[in-house]
Amino acid sequence: MSKGLLTLITKPQSQQFDSRFGHNDKVSNNDRRNIYIHSLISLVTGIKQRVAQWLERWARKRKVAGSNPRADKVANQTLHTDSPDLPECFQLSVLSWLPCVYLWLACPPYIFYVQRNNMGYIMMSVLNRVKTVFALLLWIVCWADLFGTFHELHQGDTRPPIYFVTPLVVGITMLLATFLIQFERLRGVQSSGILFIFWFLSVLCAIVPFRSKILQAKSEIPDKLRFITFYLYFSLVVSQLILCCFNEKPPLFSNFPVVSPCPSMAIKGYKNPLEAKDLWSLNKRDSSEEVVPKLLKEWDLDIRVKLKARTTAFNQGKPPPAGESNHVGGENSPEEVEVLLSKKRTPKKPSFLRSLIKAFGPYFLIGSAFKLLQDLITFVNPQLLSLLISFTKQKEAPTWWGYALAFLMFFTAFLQTLILHQHFQYCFVTGMRLRTAIIGAIYRKSLIITNAAKRTSTVGEIVNLMSVDAQRFMDLTTFLNMLWSAPLQIILALYFLWQNLGPSVLAGVAVMILLIPLNAAIAVRTRAYQVEQMHYKDARIKLMNEILNGIKVLKLYAWENSFKEKVLEIRQKELNVLRKTAYLGALSTMAWTSAPFLVALMTFAVYVTVDKNNILDAEKAFVSLSLFNILRFPLNMLPQVISSVVQASVSLKRIQDFLSHEELDPESVDRNNTGKHGHMTVVNGKFTWAKQDPPALHNINLMVPQSSLLAVVGHVGCGKSSLVSALLGEMEKLEGQISIRGSVAYVPQQAWIQNATLRDNILFGKAYNEQKYRSCLEACALTPDLEVLPGGDLTEIGEKGINLSGGQRQRVSLARALYNEADVYLLDDPLSAVDSHVAKHIFDHVIGPEGALQGKTRILVTHGISFLPQVDNIMVMVEGRVSEMGSYQELLQQNGAFAEFLRNYSLEDIIEDEATEEDFPDDVLSNHTDMVDSEPVVEAKRKFIRQISVISGDLENPRSKSVRRRLCSERKHAEPDPEKKLPKVEKLIQAETTETGRVKSKVFWEYAKAVGPLLTLFICFLYGCQSAAAIGANVWLSQWTNDAAQNMTQENVSMRVGVYAALGITQGILVMVSSFTLAMGNIGAARKLHYALLDNKFHTPQSFFDTTPIGRVINRFSKDIYVIDEALPSTVLMFLGTFFSSLSTMIVIVASTPIFAVVIAPLTFIYVFVQRFYVATSRQLKRLESVTRSPIYSHFSETVTGSSVIRAYGRRDAFVLMSDVKVDDNQKSYYPGIVANRWLGVRIEFIGNCIVLFAALFAVIGKDNLNPGLVGLSVSYALLVTMSLNWMVRMTSDLESNIVAVERVKEYSETKIEAPWEVEDKKPSPDWPSQGKVEFLDYSVRYREGLDLVLKNLTLSVVGGEKIGIVGRTGAGKSSMTLCLFRLLEAAGGEITIDGVKISEIGLHDLRSKLTIIPQEPVLFSGSLRMNLDPFEKYNDGEVWKALELSHLNKFVSNQPAKLELECSEGGENLSVGQRQLVCLARALLRKTRILILDEATAAIDLETDDLIQSTIRTQFEDCTVFTIAHRLNTIMDYTRVLVLDKGQVAEFDTPSKLLSKRGIFYGMAKDAGLTQ
């Protein structure tokens, strides 16, 4: 039947067409337009006639008399009249059924969705009751209609069937709506989108009958019942629509967070700066808890599939694909694997992309569906514009046509807005989930990768994966749909252009095709530069990381300049790449700005020249122009999207490579808990740090019975720490087996401390038990320290334990192990960092036979010998093998290497040795934690070092303690009360401050100054010129189209085309020049800002680095500099572009229809208001987002540093959870940002749509005075403005949030700096100090303003060449005294003179370069060994080799293939701690200054090496003044004098023999150490 209806409809129309216009080909353009309009009218008329006939026949069949709706009359009353109306039949059928059809179609999927996502239960409210009552009333009204019709039938007044069907359908639909209202309440839905659209459609469809019935009522009311029921219906539907705008109460028993609507947050953000507590909680479906497992599930599945395929291939005798095993522990021997790898097979790796698509693809596709819809609607407005221009030509057409077209344009644009923002919402949320999932996956992976894998990925690189690469994925999802949408839009635009201009469009297409290779070439080069720039950026961040970690050492050695040059060298390369990228950028900007214009130019030129009959009138020109403008967006976006895809593919590969790294084999240690707890065996163990390395441990056989204590001893680098790592499963097991029964606790050589309270560090996730906790503190000698800490055990410990001394850190680490109550304890040299009496206390109370761990199995690695007689067994290691094993007595009787070793040292040495290595923090990370070569350790280490801070070992007295914490910012007034908890004071590391309120104009001015004020003005001038050229070209086109009306077309063609081309090309050239000038200005600014930041950080005093987490400073150098380098320039470019584009639109519309100026003021007011409203909230959200980002990375680097500790204690899941919480906190401030963007987009585009509406309305009103060219010009510009306005607000906001980077960089470029490095008029003579005489005159010092003095009124004099030992309990001020010599701490009173020169008056470099220190932590930087010894290349190779020989390193270095060019890894991790200490000694021997300071320099070294060092120092520095901070008292017994410090004052100062005879403090210490009776 429908087929028949179609033929019926189409046939008369074609007949009418032929009869009216015949087959004349040469019809004028106006006639053709009229033909279209009349055809449209005839089509509608035809449809109505057929419907009427069909209904009539249908009625006749049922013997019901139907009235004949006269079709022509219908057409006339609908279209060709000044008061149009629709037929009653149409109103009763189509208009009534439309909302009903929508609701019935939408209901089933919606009910299914709500059923699946139950959000709780909402109590019945007044609002809900009213909605339900109104819905029931609507049902009653509809059925009243139905019963009325039955009543009429009963009375013999027969109505058509529609009078029965419609009330029935609408009534049942109202019952469905009533059901939905209650169903949503029971399922916790607060506001219903489905019902809102239903009520909105109902109101919309009821407007026509509403008007019709009023018009009818003017004469008489024919049908009073339906008149009354309709108006009741209309009132109720409008009421429902209004009620639908209000939210229900939040549901009870809901798992979903309650989200207040966006405006409430925006209002709050507008009134006061937003804070974290104002943010909504994250939707559960967007949280790490749900998102990360979803991705990991797909990824693991992919790995398993590939692994299975590989195994199958191997079983069939084929070699498996290379490089694929993600999980360790395949069955092939290394040799076999190597053979297999050498065969050239294309590796089929697991695909991370496939996993991402499986996990997040379906949700993303919903967004894609919205995008498709939006693309189709985009092409409606050019068609409406075409109708509008033709309407202005028809003087006799009814005015309401024009108004209808204007409002249709408005509604189409508005619908497009709503759909587009739905699409964006889906895309952004997908992007957010992607980022969460990628960060979560990387974090989880970093906890289980092997040490070999850690070498290839440093902490800096992994953080980059988390920040930059995850961010790239997030950014890409927004525009990913453009990959298919852009080609679709281009094809549709070309189709409509072909309809408009015919084959001439092919000329335009040719231009587009020619531009593609240009854009492609630019994209390829840009990608290459991108990769190169990432490489330099990684290198720069890595170096900065090392510098900040080793900043104290750089200051002590006065090496800042050398390292500054290295950074600037990398930075210069980075800027060169940026400059090349800018050249390309300017070219591509020109290409994409000029592309639509060139396409239009070619098309119009060809169109008017190929055929004399082709006349370019307003309709053709401006409809084509609006289509070209639509074309502009996909043409612009496509290259950008392709380059984003390319960048994301680089990131994808980096992430995939990292996630494919080998993992530690959880099976390498057999933890099968059968048998006795605490039993430990290793059989034929052979271990290596990486499969490709030679084995580090050979033939290890070990059996530790339950409850016994085994000591492991041996030289530096013999594999003691490696053995502990092997037992933990941290090394690759090549042969043999390990089994450990029971749980493990582990104390690494370098204590790993978290940024948490002291108590949290000890509990480490266990429940708090007061009694057990107190006894742990007592046993680990921590009770006295608590009295000193400002907040007791609730004091916050800074990053890496910065506000604890080395000894305290080690004791906290030990207390953690003790509290953990494990079965097996692995103690890696825990006594090396504490004083002798403390070491004795700890051994007696914790480790030893009578200690708290007496019933546990313990392995103690130690350099000292004092406690060896008390252990059960001793294992002696030499070069990775077990040389001897047995009890102390057995080994002495065997008379082997061990006995020889013991005999060389007197008992005093033995007893003394052990204890003293107070503060040796850096060692503590040493060969452990993640072990030699483990890159992240590196980072750890680097970081440790820097945090070791000013006070190194001094922190156990109350004053120096308070000193060290950064509480100055919390309480500048008084010093902390050492008694009990002062919660205010606990914060050492202050929360990162966020600026609030508007970005100050000063920041913009700072940036403009960095760019150059004149250059800034010139750039704005260039942008103005390019807009003027663009307007000129379009006004010229408008004039050209008016030629058609005046029949002056032919004579002017070449002149018209020529001028149009000239204006357009001028615009293109100006665009290129302006974007290039802008890029150069931006690069200049980036260079200045980075240089200022770098320079300031090298001049910043040490105290700043002690109280500022590295993450914060690194964030300035990485994220903020990246924004200034890359994000800010493109934002400024876009901002200027959109600003001038919006301005030119306004100028054009006002020029065309001056009355439009009336509307500009209110629209501008609303626009500015919305923009300020949004920017206030958005800016603060961006700031909160960047502040919550730092903790993710700080926590991450902390985790990687301590990953072996986390694994040993089985705390992996807890740390994963912590990371997830931090990521979720960050996304919590990102998500409202997305919502705010949508909120803003809808409102701003609404203003843009109003501009379209008014431009069209004023064109309709003034159609008698306007020519079609001006109408076309005005409305086509108005259609463009929405995009410009939207981008302008967005760019204003982005500009504000990106300029924050300048603010943050400036903040750290203006921190307080230390004294100048050189003071020209106070330069000491080149041979100063010739004698080395040092005097302290009434010298006092404090760490910072407002804190206690650490040294008080120190007065002493040291003659040149004297050897001074400095001793004192921890915290007496020993290290502080040495720091004062280098002026790392400045005097609070008094003077220090060296050879009569006041050190406070000369430059810091002049001072520091003339002193030498062998610091506590041996810091090495990545680079060659030679660079580490002599960064300024002052000495020749002979001198360097001599220094190495004297420091006993020459044998080691000459055995290396690279000799002096031996590459030190980050933090010197490929050398053992002892070797690093020897490198520091070699540095000192090279500098050979008159004054040498040894800061506990031999803590990590075995006795033999220590002896060698001591003899080297005695011989080589014989004529120098030497200050030694000593804990091993035997090393200073032959010194000239000994200085005993107590609480920052000189307690005793005399020769060792005299001090012993005085029987004072020194005598007590010597007695403790067993050096005297």
query: How many angstrom lie between the C-alpha centres of the stretch 1386-1407 and the stretch 126-140?
result: 88
- prompt: Using the alpha-carbon centroid of each, what span in Å lies between the stretch 446-504 and the stretch 1209-1237?
  reply: 23
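Given a 1.4 Å probe and heavy atoms of the protein chains only, how would you sort TYR888, TYR1007, TYR363, TYR113, largest accessible area at the top?
Working: TYR888 40, TYR1007 20, TYR363 65, TYR113 110 Å².
Accessible-area ranking of TYR888, TYR1007, TYR363, TYR113, largest first: TYR113, TYR363, TYR888, TYR1007.
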- prompt: Which value results when the Cα radius of gyration for the stretch 1070-1114 is divided by 2.2 N^0.38 Å?
  reply: 1.76
- prompt: Given a 1.4 Å probe and the protein chains all in place, what does the accessible area of LEU387 round to, in Å² to the nearest 10?
  reply: 60
message: Could you work out the relative contact order of the stretch 650-730? I mean the mean sequence separation of Cα pairs under 8 Å and 6+ apart, divided by the number of residues, in percent.
response: 28
- request: Starting from the eigenvalues of the Cα gyration tensor, five times each then square-rooted, give me the equivalent ellipsoid semi-axes of the stretch 1408-1510, largest first, whole Å.
  value: 18, 17, 13
- line: Taking max minus min of the Cα coordinates of the stretch 381-452 on each principal axis, largest first, gives extents in Å of 85, 18, 8
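From the P(r) of the stretch 1226-1293, could you give the percentage of C-alpha pairs in the tail past 16 Å?
Numbers: 1274 of 2278 pairs.
Summing the P(r) of the stretch 1226-1293 above 16 Å gives 56 percent of all pairs.
Which FRET efficiency value, to the nearest 0.05, is calculated for LYS573 and ILE1155 with the Förster distance at 45 angstrom and r the Cβ-Cβ distance? Don't skip to the answer; put the middle values down first.
Working: r = 58 Å, r/R0 = 1.30.
Once rounded, the FRET efficiency stands at 0.15.
Can you tell me the mean projection area, over all orientations, of the convex hull of the stretch 1286-1439's alpha carbons? Units nm², please.
Values: hull surface 62.8 nm².
Result: 15.7 nm².
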query: When the solvent-accessible surface of protein heavy atoms is calculated with a 1.4 angstrom probe, in what order do TRP752, TRP1287, TRP1317 fall, highest first?
result: TRP1287, TRP1317, TRP752
- request: Return the distance in nm (one decimal) between the two label points of a simple spin-label model at LYS772 and GLU289, each offset 7 Å from Cα along Cα→Cβ.
  value: 2.7
- prompt: With each pseudo-label sitting 7 Å past Cα toward Cβ, what's the THR81-LYS1322 distance in nm, one decimal?
  reply: 10.0
- prompt: Quick one: ranking HIS423, HIS154 by accessible area, 1.4 Å probe, largest first, what do you get?
  reply: HIS154, HIS423
statement: In nanometres, the difference between 0.36 nm per residue of separation and the alpha-carbon distance of ARG671 and VAL126 is 189.9 nm
message: Could you give the length gained by full extension between LEU415 and ALA309, i.e. 0.36 nm per residue of separation minus their alpha carbon distance, to one decimal place?
response: 33.1 nm
message: Could you report the accessible area of VAL1158 in Å², rounded to 10, computed with a 1.4 Å probe on the protein chains as they sit in the structure?
response: 110
- request: Could you calculate the FRET efficiency of ILE357 with ILE1166 from 1/(1 + (r/R0)^6), where r is the beta carbon distance between them and R0 is 51 Å, rounded to 0.05?
  value: 0.75
- prompt: Residues with beta-carbon under 14 Å from that of ALA486, excluding ALA486: net charge, scoring Lys, Arg +1 and Asp, Glu -1?
  reply: +1
- line: Ignoring ligands and nucleic acids, THR589 exposes an accessible area, probe 1.4 Å, in Å² to the nearest 10, of 20
- request: With a Förster radius of 22 Å, plug the Cβ-Cβ distance of VAL509 and SER649 into 1/(1 + (r/R0)^6) and report the FRET value to the nearest 0.05.
  value: 0.15
Mean Cα-pair separation over length for the stretch 688-806, i.e. relative contact order, pairs under 8 Å, 6 or more apart, %: 24
- request: Treat each spin label as a single point 7 Å out from the Cα along the C-beta direction, and report the ASN684 to LEU1143 distance in nm.
  value: 8.3
- line: Using the Kirkwood radius over Cα pairs of the stretch 659-795, the Stokes-Einstein translational diffusion coefficient at 20 °C and 1.002 mPa s, in µm²/s and rounded to a whole number, is 121
- prompt: Residues of the stretch 176-205 with amide nitrogen under 17 Å from the 7 Å Cα-to-Cβ point of ASN118?
  reply: 182-190
message: If I stretch the segment between ASP1437 and VAL524 completely, what's the gain in nm (0.36 nm per residue apart, minus their alpha carbon distance), one decimal?
response: 324.1 nm
- prompt: Using the C-alpha atoms of the stretch 124-188, what convex hull volume per residue, in cubic angstrom, is computed?
  reply: 60
- prompt: For the stretch 365-384 and the stretch 1265-1311, what is the separation of their C-alpha centers, rounded to whole Å?
  reply: 24
field: the stretch 424-533 - Rg over Rh from alpha carbon coordinates, Kirkwood radius
entry: 1.19
- line: Log10 I(q)/I(0) at q = 0.14, 0.19, 0.21, 0.22 Å⁻¹ for the stretch 551-612, from Debye over equal alpha-carbon scatterers, is -0.66, -0.81, -0.86, -0.89
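The values are calculated or read from the model by the stated rules, or taken from the named source; none is laboratory data. Every value quoted in this text rests on a predicted model; they were computed, and no experiment measured them. Counting neighbours? That spans all protein chains shown, and the Cβs are built from the backbone with ideal geometry, glycine included. The protein model used for the area step is the full one, side chains on, heavy atoms only, and it has no ligands, DNA or RNA in it. Shrake-Rupley method; radii C 1.70, N 1.55, O 1.52, S 1.80 Å.
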